[in-house]
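The values are calculated or read from the model by the stated rules, or taken from the named source; none is laboratory data. Bear in mind that the values here come from a model prediction, so they are computed numbers and not experimental data. Reconstructed Cβ throughout: ideal geometry from the backbone, glycine too, with neighbour counts over all protein chains shown. We work out accessible area using only protein heavy atoms, side chains counted, and drop any ligands, DNA or RNA first. Shrake-Rupley method; radii C 1.70, N 1.55, O 1.52, S 1.80 Å.
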Number of protein chains: 4
Amino acid sequence: MVAQTVRAAVAGASGYAGGELLRLLLGHPGVRIGALTANSNAGQTLGSLQPHLLPLAGRVLEATSAEVLAGHDVVFLALPHGQSAAVAEQLGDEVLVIDVGADFRLKDAADWERFYGSAHAGTWPYGLPELPGARAALEGSKRVAVPGCYPTAVSLALFPAYEAGLAEPEAVVVAASGTSGAGRAAKPHLLGSEVMGSMSPYGVGGGHRHTPEIVQNLSAVAGEPVTVSFTPTLAPMPRGILATCTAKARPGTTAQAVRDAYEKAFADEAFVHLLPEGRWPATASVYGSNAVQIQVTYDEHANRIIAISAVDNLTKGTAGGALQSMNIALGLPEDTGLSTIGVAP
Amino acid sequence: MVAQTVRAAVAGASGYAGGELLRLLLGHPGVRIGALTANSNAGQTLGSLQPHLLPLAGRVLEATSAEVLAGHDVVFLALPHGQSAAVAEQLGDEVLVIDVGADFRLKDAADWERFYGSAHAGTWPYGLPELPGARAALEGSKRVAVPGCYPTAVSLALFPAYEAGLAEPEAVVVAASGTSGAGRAAKPHLLGSEVMGSMSPYGVGGGHRHTPEIVQNLSAVAGEPVTVSFTPTLAPMPRGILATCTAKARPGTTAQAVRDAYEKAFADEAFVHLLPEGRWPATASVYGSNAVQIQVTYDEHANRIIAISAVDNLTKGTAGGALQSMNIALGLPEDTGLSTIGVAP
Amino acid sequence: MVAQTVRAAVAGASGYAGGELLRLLLGHPGVRIGALTANSNAGQTLGSLQPHLLPLAGRVLEATSAEVLAGHDVVFLALPHGQSAAVAEQLGDEVLVIDVGADFRLKDAADWERFYGSAHAGTWPYGLPELPGARAALEGSKRVAVPGCYPTAVSLALFPAYEAGLAEPEAVVVAASGTSGAGRAAKPHLLGSEVMGSMSPYGVGGGHRHTPEIVQNLSAVAGEPVTVSFTPTLAPMPRGILATCTAKARPGTTAQAVRDAYEKAFADEAFVHLLPEGRWPATASVYGSNAVQIQVTYDEHANRIIAISAVDNLTKGTAGGALQSMNIALGLPEDTGLSTIGVAP
Amino acid sequence: MVAQTVRAAVAGASGYAGGELLRLLLGHPGVRIGALTANSNAGQTLGSLQPHLLPLAGRVLEATSAEVLAGHDVVFLALPHGQSAAVAEQLGDEVLVIDVGADFRLKDAADWERFYGSAHAGTWPYGLPELPGARAALEGSKRVAVPGCYPTAVSLALFPAYEAGLAEPEAVVVAASGTSGAGRAAKPHLLGSEVMGSMSPYGVGGGHRHTPEIVQNLSAVAGEPVTVSFTPTLAPMPRGILATCTAKARPGTTAQAVRDAYEKAFADEAFVHLLPEGRWPATASVYGSNAVQIQVTYDEHANRIIAISAVDNLTKGTAGGALQSMNIALGLPEDTGLSTIGVAP
């Protein structure tokens, strides 16, 4: 039972991340939705921009500003990168600010500057509670950096192998994402005519901005630098990430040791479901849910550990992860307002 | 607040209707899920058949029988047509039996025999509460016939025009359905390779079994026989129905009269959303939700009323409609456990 | 055997219609591809814009102008509406100019002005050879107006019923189109994230610009004004139109009379395939081909003729139809460089 | 100009490989289509099974037997594995037999038995002409083993790195395939409702039958055993393979050396298109074509070579590759009847 109600604002309510935050917040028993802001879409009704959010159809978006966002208990920032720091500073330390963007994810300022081309804003507690040590840092925090969608899927799939010392520090990851991961800005290569019936890679060769975030997560768990060859691909579906993650096994690795490591890592996790042996995840199974489905195997012939995860990039990969962290930060039960049930078929 | 908990069984839990029933029942605060049965899939875990229903992953399906289904407060029958009557008879009059199949929808035995080729089992109160008179018949009832998915979409789109006497009794309907409407039995024409990238009609020329059901609903409201030219088409998407419904306008019809009729018809309905003028429904907006989005216009040039509705065939079109009727039958708030929020994009 | 080679230019080569024209022209044994022009994409290679056209990957697009387009035997204009007349005038009467756009399709200047909001440029021979009288007007012509994609699908599906006097002059048409029919300009509602998994209508109530073109075609065949209620819908597929076309049958109509009318209408047509009774068209079957698949039935109960056609909106609906008309205008065998074989599954 | 016409039979004409063979054979100027056979579909018209092949709509499928297949110059076998040897033996040495199935691909009998569970039938010249040495073995041959679709995509993407000695003998491959790669047999997990909107892996951990074939190809080029970690995934599209292939670079590898190796490997290949630097392949670009689009880069940070290829699994990956080999075996120009132009968007 939720004791009290918090008032939440969403900056960037007209995008896909903002829409998913609202979808989930509408179902959260401890939240009342306050200000909704946008940039170019300010002045429009939510009904015209997010027609699936019927209960909010009549709400009019305001222009994003600290004034409008002030006076809430929680503020979600779903803004283009580089804009969150200025807003957060004005909101005050007593407000829980949850940045759905990238600004506060990276610890290494040089990494930030290399991949984002601007000054590093800082580092906030990292909103992936299932990572070793992450949950404790979120408890009571007034600032949360929500992980990227790919880093969520990849880090959860691989960290148990590194935590157990089973994998060499060179990971190879190929991940397929639904198109909503590329955002709502109208770009020719994201047109339905272009993406339906097509698979294509992008940001190949370490160029994707999520690479340093994955490296940061895995290296922290491994206790040594892990290099990651990360290739994202665009798949003809609106949602979902399937991350195929492999690493060479360290000498002495056995299938049982791998299984044990993953069972131990997720034994107490409400949202991570290690599938029974022989079954593999599908993105459809986590559609719209905060669940992560994972399977792992040890390929003796190639001497590699293969871990595959499926998440909904907008839910667990963005808005659901944000709510999960909010719950922890506020001392609410971690799964309040979050579901492990996918919408399938 | 739900005062007490009812125990619900689902017969046919391995199909798409059964899966959607369970997805919704898991979120219903007044229901505890009891027996789950199947035919050829009996003995398997739900996790292997419905991997999106994580909380039930370990449940094993039993063979469908009256014995297994006995002892519940509510029994949902998601069975092939022709099988519900025998089961229902054995369950007793004190059990609320909700037939998701077709067996008890039609009033005219000759219609049933012509379209289904077997003896007519009878007629139960019809689970489309928004139809004139339907809600009252459901209150306290121990038997409910859940409407077909197409009849749900079409009847809601057209009945206000007939209720207000604005339309001639000859409707023309073309509807597109996602593939889950065709069920989970593996048939070659339903393979992903066949349906992706393709639109195709079926049951053309009045041959679809949902035609007499639509005729029955509209004729009852019109107070005279309404003929319906109904063409269903299969669309390359898993869920959703978009029904384009037109009828010639009666002399004297005006755009304002049409608008008024629809606003009046749905003013008090929680699940039917008449869109603001100028906006049209899309199936994505109701994905996974119990909402119906409707828009209507009067085409002066062609002198026709055009009403278009979007529903999720598995939710409002099947399982959500079933729960809505269950709530009414049990005296619960009608929207308990049901949402008007779609999963989009 | 093709006696000589014509030199063809394409204005608007970076769009979907332009790309499809080039795909087909590359396979036409009597054509050599000359100038390729674009507007905002001028200066780019075709390889970066149309990566499927490997043989032309290195070609650089020039800015559209009469100078660049001069000196060809055939010029295809795939330009935004309103721009073709000025270009055509400068090209001279000896050049075969084929307008893939709308400018010269309508005969009624008032219709043009109402639907397009600009001055009417004129009327050219109409490039739908299968329509009564159309082929003769194309032979030797130096100007061709290529029909719209919807009018192609709808006119072919319905004209035999009107030609044979079987249908009342009030047609009701609902058509589903793939997204390429909406063009390549990046608009938010055409993003893959928006269209996948969704069906939605647009231009409802007679507002679509193809309505007067359909009316024009059917009225000419019927010999009296035919009103058309036309509702286009956007389907989650890149290509294809499925047009469901119905009209009330005139007294005395029989199923056999309907069948006879359609068999007679298409007996000598290379590209229109009237399916055997009992089978219905699917857009996948005509993917990338110039074929039209049609089926028709008489629904006695509703007293309506139902004709359904499937075309590829970019091939028979645009570029293939353009080449077919080019062949006729040049005196080449009508099917040169055109195929009736779809790419399926 | 093709001097003479060969008569070709297709066994297995009702499946996806058979349909694609016929689509291409219809466009091959030197081929006349003879007997068409099937197993369970014998007796049906091709029009009802492959409605996209209009020119053959009236052809009736015969039951597969050596008698029916005799008397042709070329016989394509698109049969379930294990059935080709018996048929081939009866056809005689003067008939060109092209096995689209797996029976004669592997050299190592133990590999065959481990992955297919039956006796090894033998090894035929391998129909991937772009592989070092392969083309010469095909010239004049009367037997051809057509490669698997994944081995086609993966071997072409990686062999230049091994040929140039740039890669360590441990490759990691993740490939996404359209659903037609899984065949036309109706299985529940291949239903449109299941695959649309979903990505899922299968045959993980070396279990896919194409793994030993990839290993065989790469090891032959490398001159040493290459291990391959191969993870295939099912993508929500009908056609296409995108293969992301990586291998650790050997000491001293440079980006230029990698580029040079790939340019050299494909300089004279009509069907393999190494994209300009900075552009990456998409499966839509090769839809229905025999082209392979490849890009490669050297990721210095991860010290890995990343090569990505896109093919149409049914065309270059199956039927197009078969025709290409047929052309070589018969002494025809290698690209007769084959196109590098995709059907896009």
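A few remarks follow.
- Net charge of the neighbourhood of residue D:248, taken over other residues with C-beta under 15 Å away and scored Lys/Arg +1, Asp/Glu -1, is -3.
- Estimated dipole of the protein assembly as shown in Debye, rounded to 20 [Cβ of Lys and Arg +1, of Asp and Glu -1, Cα centre]: 0
- In terms of its alpha-carbon gyration tensor, the range B:150-313 comes out prolate; a/c meets the 1.5 threshold, and the first ratio a/b outweighs b/c.
- Excluding ligands, DNA and RNA and using a 1.4 Å probe, chains D and A jointly bury around 3300 Å² of accessible surface, summed across both partners.
- Euclidean distance of C-alpha centroids, the range A:174-199 and the range B:228-262, integer Å: 32
- Here the relative contact order of chain B, from alpha carbon pairs under 8 Å that lie six or more residues apart, stands at 17 percent.
- Dividing the mean sequence gap of close Cα pairs (under 8 Å, 6+ apart) by how many residues the range C:1-60 holds gives a relative contact order of 33 percent.
- The range A:119-210 shape via C-alpha gyration tensor axes, a/c threshold 1.5: oblate
- Cross-link partners for residue D:142 among the aspartates and glutamates, with Cα-Cα distance under 20 Å and sequence neighbours closer than 8 places in the same chain left out: D:67, D:73, D:89, D:93, D:94, D:99, D:103, D:130, D:334, D:335.
- Charge tally in the Cβ shell below 12 Å around residue B:93, where Lys, Arg are +1 and Asp, Glu are -1, residue B:93 excluded: 0
- Ligands, DNA and RNA excluded, the heavy atoms of residue C:328 present near 10 Å² of accessible surface to a 1.4 Å solvent probe.
- Inter-copy separations for residue B:70, label at 7 Å along Cα-Cβ, nm, ascending: 6.7, 7.0, 9.5
- For the range D:267-299, the list of chymotrypsin sites (Phe, Trp or Tyr not before Pro) that fall in a loop by DSSP and count at most 10 other C-beta atoms within 10 angstrom is empty.
- Candidate lysines for bridging to residue A:248, where Cα separation is under 26 Å - those fewer than 8 sequence places away on the same chain excluded: A:264, D:248
- In this assembly of identical copies, the label point of residue D:43 (Cα plus 7 Å along Cα-to-Cβ) is separated from its counterparts by 3.2, 6.7, 7.0 nm, sorted shortest first.
- Label-point spacing at residue C:82 relative to the other copies reads 3.5, 6.2, 6.8 nm, in ascending order, each point sitting 7 Å out from Cα along Cα→Cβ.
- Spin-label pair residue A:107/residue D:189, simplified geometry with 7 Å Cα→Cβ offset, distance in nm: 3.9
- Cα gyration tensor category, rounded, prolate or oblate, for the range D:288-345 with a/c compared to 1.5: prolate
- Excluding ligands, DNA and RNA, the accessible surface per residue across the range C:238-345 is 28 Å² with a 1.4 Å probe.
- Distance from the Cα centroid of the range C:281-336 to that of the range A:125-139 is 60 Å (rounded to whole angstrom).
- Environment charge of residue B:204, counting only residues whose C-beta is closer than 12 Å and scoring Lys/Arg +1, Asp/Glu -1: 0
- For the peptides B:237-246, B:66-75, the ranking by mean Cβ contacts within 10 Å, running from highest to lowest, is B:237-246, B:66-75.
- Difference of contour (0.36 nm per residue) and Cα-Cα distance, residue B:277 to residue B:254: 6.8 nm
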